[in-house]
Amino acid sequence: MRVIRILVYILFILSMGFSGYLWFIRIPALEKIIKDLNEENLNLLKGLSENKSTTPDSVLTIVIPSDEIFEPGSVEISNGGKEKIDSLVKEFLQSGFNGIEVGVYTDKSPVQTNRDKYPTNWELAGARATAIVRYMISRGIDPKKLRAVSYGDSRAEGVGNRYRQVEIKVF
């Protein structure tokens, strides 16, 4: 097989002249570069899959009604809410994750209590989201992996419990 390959090289060189010979010598170097680049790309792809890329398929979304975490109009986490968050944090720490986003939604009804502190649903939802994030930090979650988001009533279509929720996305 090697003899045939050498004959093909010789025929190719003779047909191409000296420039063909130089081109032919450069091919093994080019093949090595391509092979090295291919290996590097495969290693990068392997690293992405090990780091749990943030594609939509790898996002876990947990939705909890706000009333199970907070009292109406309040940003203080209830005892029952702390228990729920504690159980989630325990799971997060055991399973590993790249990041957590805590988003809080409200309904369209205006804030009734604590209007001096939270004049709109945006402020109330933002304060609730940061309260949850602070609590998660106190339970051992790395602050660099957390973000708080206030959706307020921007996505609510009406009034009622189904619009008031905490959405925790785990990447």
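The values are calculated or read from the model by the stated rules, or taken from the named source; none is laboratory data. Computed from a prediction, not measured in an experiment: that's the story for all the values here. Counting neighbours? That spans all protein chains shown, and the Cβs are built from the backbone with ideal geometry, glycine included. Just the protein is used for accessible areas: all its heavy atoms, side chains included, with ligands, DNA and RNA removed. Shrake-Rupley method; radii C 1.70, N 1.55, O 1.52, S 1.80 Å.
Key figures
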| item | result |
| --- | --- |
| Extension gain, residue 63 back to residue 82 (0.36 nm per residue minus Cα-Cα distance, nm) | 5.3 nm |
| Rounded accessible area of residue 71 (nearest 10 Å², 1.4 Å probe) | 110 |
| Theoretical FRET efficiency, 1/(1+(r/R0)^6), r = Cβ-Cβ of residue 98 and residue 155, R0 30 Å, to 0.05 | 0.75 |
| Whole-percent carbon and sulfur share, accessible surface of region 52-118, 1.4 Å | 49 |
| Antiparallel bridges, percent of DSSP beta bridges restricted to region 92-171 (to nearest 5) | 50 |
| Solvent exposure of region 56-171 as accessible area per residue, Å², 1.4 Å probe | 55 |
